[in-house]
Structures are given as C-alpha cells and as structure tokens.
1. Just grab the label-to-label distance for Val761 and Ser326, each label 7 Å out from Cα along the Cβ direction, in nm (one decimal).
2. Show the residues, 5+ positions off or on another chain, whose built amide H is closer than 5 Å to the amide H of Phe363.
3. Roughly how many Å² is the accessible area per residue of the chain, as a whole number, for a 1.4 Å probe?
4. Mind grabbing the accessible area of Cys50 for me, 1.4 Å probe, Å², rounded to tens?
5. Counting each DSSP H run of 4 or more residues in the chain as -39500 (n - 2.57), what helix-only mean residue ellipticity at 222 nm follows after dividing by all residues, to the nearest 500 deg cm²/dmol?
6. Enumerate the calculated ³J(HN,Hα) couplings along the range 402-414 in order (Karplus 6.51 cos²θ - 1.76 cosθ + 1.60, θ = phi - 60°), each rounded to whole Hz, writing x wherever the residue is Gly or Pro.
7. Amide H neighbours of Phe312 under 5 Å, at least 5 residues apart or on other chains, H built in the peptide plane: list them.
8. Given R₀ = 25 Å, FRET efficiency for Ile400-Cys823 by Cβ-Cβ distance, to 0.05?
Amino acid sequence: MQNYFRFSVIPQLPAVLEPLREIAFNVWFSWNYDAIDLFESLDPDLWEECYHNPVKLLQKVRQARLSEVVEDDNFMRKLHLVATRFKKYLSAKDTWFSKHSKIEMGGPVAYFSAEFGLHESVPEYSGGLGILAGDHCKAASDLGLPFVAVGLLYRHGYFKQRLDKDGWQEMAEMTIDFNQLPIHEARRPDGSVVTVMVNILGRNVVAKIWEIKVGRISLYCLDTDVVQNNPEDRLITAALYGGDLEMRIRQEIVLGIGGARALRELGIKPSVYHMNEGHAAFLGIERIRQHMLDNNIEFYPALQVTTASSVFTTHTPVPAGNDAFSPDLIRRYFEDYLKELKIGVDEFLKFGRPWNFQPTDPFNMTILALRMSRRANGVSALHGEVSRRMWTGVWPSTPIQEVPIGSVTNGIHLHTWLAPEMKALYEKYFGAGWEDQISDPDLWRRVSDIPDDELWNTHLLLKRRMVEFVRKRVRAHRERLGESPDRLRSAASLLDPEVLTIGFARRFATYKRALLMFKDVERFKAIVNKVDRPVQFVIAGKSHPRDEAGKRLIQQLLKWIQEPEFYGKIVFVEDYDTNVARYLVQGVDVWLNNPLRPLEASGTSGQKVPPNGGINFSVLDGWWCEGYNKKNGWAIGEELKDGPPELQDDIDAKSFYSILDKQVIPLYYAKPDGRLPLAWINLMRESIRSVSPVYNTWRMVQEYTQNYYAPASHRGAKLSANSFADAKEIAVWKGKMRDAWAQVSVAQIACDHQKPYEILVGEKVGIRAKVALGNIGPENVTVEAYCGEAHDTDLTNPHIVPLQMQKKDGDGSYWYAGELDACESGAYGFNVRVMPSHGSLTQKHELRLMTWGKA
C-alpha cells in the first residue's frame, strides 16, 4: 500500500449544543450525574468506547446524531437544566469560604502534586496519592477556596495492567492524545502559549503549560514533550514515576522549579504553597531564588518567608517510599543553580539530611520539604504519630510528642464517589439542599428515616450492577487471552448478587498483605463454601512496575482463585482505576483492608464505602483507628508491640477468620422476617451516619484552610511586610543564636520539696534551675520543666511547666523557677530545657537548638 496522509473529521457542534462543549471541558461533569447522563445519552456505546471522556465523545459522535438531539425536546430540556446548574455553580457567591470572611488569605493556595486522580478520562494518576489530590481540588472548588493546583502532564500516564495466562502483570503503555482530553493550552492575553524554562545539566528545557478546569479552580500541568526540547528532555513528562533516579530528579525539578515559574508566568501570586508529598520540594528553593531576585535580599531572610508560607503533607510511613538522591546527583544537577542562591552545594545538602548526618547520607526529599515548610502534617492521627517518630532526626533532642508534624485525616470527595441511586435516596429523605451540608452530623442522623426495604433494595441494585460489571471485565480479559468458548460463557455465572460480597482493592505492595486471607487455606475454603451461608470476594489492584514482589503476589492470588473451591467465588478484576473503584465501593457489602500496622498512612478507599451503604472490616490502621466506633464495622486483630511481622500475620489472620465466620456472615444472613437482614441494615445505617460527615474532603479542606493555610498566609505576609524587615531581623537573630548556643548549659537543677520522693497528691513542687547563657540575653530564651509519667527511660503524657527568671547569679548565670502541681499519684519525672525564643518564630523548635539538664 502507498503511503498516505492522515486527517480527522470531527462533527460540527450546532450552536444550541455549545453548552455541551463548555461542560465537557470542565471536570465538574465527573461529579454531576445529570451531566454524565447527558453525555451518555448521546451514544451509550460510544460513551463506553471513549471511556467516559466527553471531549472524545463530542469528536466522534455522528453529525446526524447531533442533528437528532437538537430536535429532541427532552434532551434539550435536560441540557438546559445541566447548563444552568453548571453556570450557577461557577458564579456562586455564597460559598463556604465567602461565608467565613474572618479567614484572611492574601492570595490563593498553590497546591503541588506529582499526580492528580480526577477521572478515568484524565489518566494522570497511579493510586491513592493522586486520588486524594483530585478530591482535594474538587472540594476546594466546592468550598469556593481561592486555590490553584500544579502538576505534570504525562504523555503515557501510568500504565494499563494486563495479566498474561500465567497471571503475571505486564505493562500496556498508554499514549494519550492531549487533544482528546478536557484540557486547554494556557495562553497569555496576547494569545501566545505559556511556557517556562528550567536549566537541567546545562540545557534549557522548555515546558508548555496546560490548564484543566476543575469546577471553579484551575489545575496547571507542565509538559516537556515539545519541539524545542531534544528527545531526551521530551521524555521527562513521558510517564508517571517512569525511569530511573535520573528521570525522577528531572521530573521533580520540572514540577517544583518549573511549577513555581509557571505560576509566575501566569501572573498568579499565591499566599500559601502546599506540597502534597516530597516530589515538589524543590519548589522551596525556587521560591527563595525568586524572593532574592525580586526583593534584593539574602538567602536566609528569603528562607524565612518561604518556609513560613509553606505547608507540607507527608503520605508515606515507610522510609523506602520517600525519594532520596545521592550527594553526587544533587551536586551534578544543582551546582550551577545554587550559585544564584549564593550558597554552596554542601550547605544545600544539609537541607535534605537529618541534623546529625554523615557525608555519604543521601539527600531526602521529605526532609527537604520539612525544612522548606513551617507547617507539616500526616494524613491520619496515627500517621501523624508515626511521622513524628520517623522524622525525629530532623529535630534533634526534641521529644517525639513535640516534633512539629501534625495531622489532617484524609477524606473523600463524597459527590464523586456516591452512587446516583444513593444520592437520590438521600435527596428523598434528607431534603433539598442536603448536598451542601455533608459535614453536618445532624444531617446524617436522618438516615434512620430511610425505610429498611428502600435502603436494602437500593444497595442490592448497586450490588447487581457491580456483579454485571465484573462479569463483563472478566469475560473481556478471557477473550484477550484467547480462552475457550466454555470459559467465556462461564464468566456470566461468576459471583451471586444474593451472596455476602467482600471487596479488596489497592496497590499490591507486600505490607498491604493481599494474601493474608489465604494464611490458613483450608479454614478459608471452609468459610467460603458454606452451603447455607457462602461468602465471595472481588479483588483488584496493580503492583508498581518495578515491584517484583508485588507482581508475585498477584500471580499467587490468581493461582489460588483458580482452585475449584475458590473458582467463581473469588474474582480478580484487571486494570484497577477510578472506574473499577466506583463499581466496587458502591456495590460491595463489606470492604476489607488488612495492612501491616502502622504502614497504612490513611487508606481512603474504605471511606468511599459507607456513604454507599457498605461496611468496613479493617485492621486498626490509618483512618479506621479514628473512624471505628465498635458499632459501625469490625476491627481485625490487635497490634503486637514486639515480635516479628510473621507473628502479627498469624494473629491478624486468626482474627480475620474468627470475625468473618462468627460475626460478619451470621449477621448478613440473619433475616428474622424472611426477607430483610434487619440487624445488618442497622449496621449499614451506623456506618453511613458515623463515617460520612467526617471522612470527606469538605471537612478535610476546611481543616487545612483554618489550621494551615490561613495561618501560613498570615505569617508569610507578616514576614514580607516593610521590605522583609521581620524576615531579615529573624534571619540575623537565628545566626547569632546558632553561633552562641554552645555557651548555653543547665548548670544545676533543684527540686524544692522537703521530701522529694514522698510528695503527696495536691502538693506543689518547686523547681529551680541555674542556667548559663553566655552572650545570649535571657529575653532570647525560654526555660521550661518538661514533666511526665516516668516509664523506664522515657516520659509519657508530657506537659510543660514554664520557669521564670528570678535573678542573675554572680557568675553571670541565671536562676529560673516554677511550680509543678502534683495532681495524681504515680511515678513522675522531669528535666529542664532551654530553647531559643523569638516572637517571629512559627515553630517552637524552628532552630533545632535545645539544651537539656543532665539528670
């Protein structure tokens, strides 16, 4: 055949259908079912073929069909309703943020993340981190928060999972046509495309900026696959988490440094910068560089402003999961760049290392993010505690309880994950306007008004839809493998909508223990195959492309489920993504999560189940530690304080079998009236009532705004005022403190009580300390007694007793004193510490300087 030119012909959208295009180019459609139904009704088969991508649909739909719907009064009426609601949403003035005018923000929040899971039609995510980022953006839009997001646009996304005949995971690369995504090139007022440039190893790498509208907010993504770049640099944004460490550092330079420059080119001036995980931590040094150039200030004053207005969220409780680069790699990539900051590479390396480091220690991006921000948090209360222990080396001598990492427990964007049938049920019984009150616990108490049969029948409808979806996906997988006609037909009988169905879907990492249910295979077979009370499982998940152990887990699982006792009762769904997730979280009876505690930072998949009528059955890890109230689901096992993981596996597996066999299954099949599992339905109600108002991103983003964004914005503005006067002053002061701190010591500690070992409840205990400060004045320090319950070598449940300066001694030292209340009997202890103190400090331990008495 001769070579030929290719071209595409796309339909011409009639003027009256133009609102369809406006809606298609805003991800708002993804959490509004009326909009989804509108697109689907154009051509249901094509809608599935386009994988729910409205932009692609409008490019492929037949011109004749568009002419038909123009004459269809019903379609045009629906279009008018959806378009009106869309415009009303975009122009609304009475948002949550507008109603809280006391929250002062000098500019928008800039939210940086390496991935964003907005919808399956925009495959720019790999898993939980991206889904959380996408849900964060949607909630910011709903709440009317001044907000902008920054990421990378990957030509090949993550990867599509393909399982071969042996059950081995293979990668099927996606090639994404950006012209078929709901995105636009970002343009300047003169119409030119916005680009930025970053220097990588002496080469000027150009990145084009694309804009994705997410309701009221914009997500700007950088793309290096442009003609100005050489082939090597065009690959920087080729694939999410692709390549080696060289590729990773290049991606993170483009995200952090290029992302900060992109906002500048767009004329956006954020008052707060939020780093979602450490991938964007180079953002901090670029902001310092910009402050230095714009305001003619030195590195350390610029550092004060940058860190004061930065927020960092860590998601990874496993050390190996945090990006780290060798000193040589940092030197090679940053030696020239750092000349603009007027600091050397060795000085810069300190910002990515523990306080007490070795010359060969790697440069850790999480540590850099912690050093480049004054407000940091984990993503659940337990994860905050784990993070404080994990990163205590960044704050030497600081008690773990005071390591400045807080927590904001993750949530879900409820309107994205809620099934339309459940939404209709809530609309019926909660009343009009309920969607604007989803964080109100009183609203969710109305779930008791929903009749048993309506709640149960709605759940069964969702369950049947999930079963049909799973059957189709399994058949498609078998067709691709060329399996026999009998095997293809048998897919239609997989699963039973009347049987108790448990879902398990997540990344296949070893610590998530996907095969824990097979720990005692014979016992598991007996439970699954009870004639009168069977149970079935739907499982999905990908392994990271370089995680060979994770791939072996999937392969072993697929071998197990082909055994006769498990066949048709445990089903694996290939290529887990947001579409698969929606079917599962909306359709299962129970959601299973059994990671090795405390390695699950949050685990938001389980939060998507309760609003849809499902119940959690989980290890007390991540968010479930807070969400479980002993009446809304089940908790697996008990934490083992000491002992190998294998012993914890045994304990948790036995707990899993026992609870499943003796509690979950009997409750599901108990139908006193012969029709409805009344006790189970009450458990569904409690799950809905207790989880839905708390574990959603509206509550989460409100918490970030009030406790992190607004204070950071205020602090950054204060340090920037008057030509950065406060920033300059605090930088000079910190330098003096560091230079003189070696002279500080606690020379003597005294307990003023006649019988210090026989203190009675209710008495006051006087504490005195003699402190040598050298050249530092007492106005520059805080002296405290750190008190708590004495356990071995540690103090628990600590509290602080401030000590006041009483007098200056003849040798130049100072005496400090205070009183401790002996409120309760027990064994207690205390020590005295001295720390730098200044009114412009954001963190108590900002200088990481602390001197303790020698007890």
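1. 6.2 nm
2. Under 5 Å from the amide H of Phe363: Phe325, Ser326.
3. 42 Å²
4. About 10 Å², rounded to the nearest 10.
5. -11000 deg cm²/dmol
6. In residue order, the calculated couplings are 9, 4, x, 10, x, 8, 10, 5, 4, x, 10, 7, 4 Hz.
7. So Phe312 has HN proximity to Met275, Arg375, Ala376, Asn377.
8. Approximately 0.60, to the nearest 0.05.
The values are calculated or read from the model by the stated rules, or taken from the named source; none is laboratory data. Values in this document were obtained by computation on a predicted structure and should not be read as measured data. Methodologically, a virtual Cβ is constructed for each residue, glycine included, from the backbone with ideal geometry; neighbour enumeration extends over all protein chains shown. Side chains are part of the model used for accessible areas, which takes the heavy atoms of the whole protein and leaves out ligands, DNA and RNA. Shrake-Rupley method; radii C 1.70, N 1.55, O 1.52, S 1.80 Å.
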